[in-house]
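A.B. asks: Sharing a structure with you now.
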Amino acid sequence: MRLSRGGSKSPIAFIAVIVLVSCSFVLILSVLRLPDVSVTSGSKNLFKHKKVSKSLENGDRIGKFGEMMIEMLPRDLSFTIFVPSEFAFERDLRLRVNDSLAEEKANDTDAILTRVLSFTVVPWKILSESLSYGEEITCDSLSGLKLYVSKDADKMLLVNGVRSSRVDLRIGEMIVHVMDGVIMEAEFEQSVQSDDGDEDED
């Protein structure tokens, strides 16, 4: 009786083995096809990059450095970023597009932009229309720097005393405000100023 029961179960076991082998085969094929997926993923990133440039009139509103900062962030998450204008980058940080993006300075420029990004990004949306004139909100940037955000009579935002020149630009889920200065902590500002002093002495 035991032998006959075992024999009756063998077709089920055989089918289970076939299903298991088939699933394994499909899994192996899908793994071997991953490079094709990564190429597609790369093309999607290129598409997103073009979309960002197009939505901001090829970066005319934010400048090259602002565009580079935005590209460091995932566009499917809700962020607010207070991007310095191109003039502010040059005046406050001595960054000039033609000079600072040269090969020998590119790494230093990336490091500065990453640091500035940590001071100027808030992990939720702040729209100018959500603030009343004279109202102030306090929030922490990604670096932990306290940001004090208010709106003036011209409906421009003030963040730690720095005024915006454009507000409420949208890129995916992100809100971008272009600022007339660079928002940064005191220690970083002093280090930048000391570097400028060294250059002046030369």
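A.B. asks: Out of region 98-190, which chymotrypsin sites (Phe, Trp or Tyr not before Pro) are coil in DSSP terms and have no more than 13 other C-beta atoms within 10 Å? Walk me through the numbers on the way to the answer.
C.D. replies: Details: sites: Phe119, Trp124, Tyr133, Tyr148, Phe188; in loops: Trp124, Tyr133.
Those satisfying the criteria are Trp124, Tyr133.
A.B. asks: Cβ under 13 Å from Ile137's Cβ, Ile137 left aside: what net charge do those residues give with Lys, Arg +1 and Asp, Glu -1?
C.D. replies: Numbers: positive: Lys125, Lys146, Lys151; negative: Glu135, Glu136, Asp140.
Overall, the nearby charge balance is 0.
A.B. asks: Under 22 Å between C-alpha atoms is the cut-off here; go through region 64-181 and count lysine pairs that meet it, provided they're at least eight residues apart or on different chains. Show your work: numbers first, answer last.
C.D. replies: Working: Lys64/Lys105; Lys125/Lys146; Lys125/Lys151; Lys125/Lys155; Lys146/Lys155.
Taking the Cα cut-off of 22 Å, the pair count is 5.
Readers should treat all values here as calculations from the given coordinates under stated rules, not as data from a laboratory. Predicted model, so just to flag it, every value in this text is computed and none were measured. Using ideal geometry, Cβ is built from the backbone for each residue, glycine included, and neighbour counts are taken over all protein chains shown.
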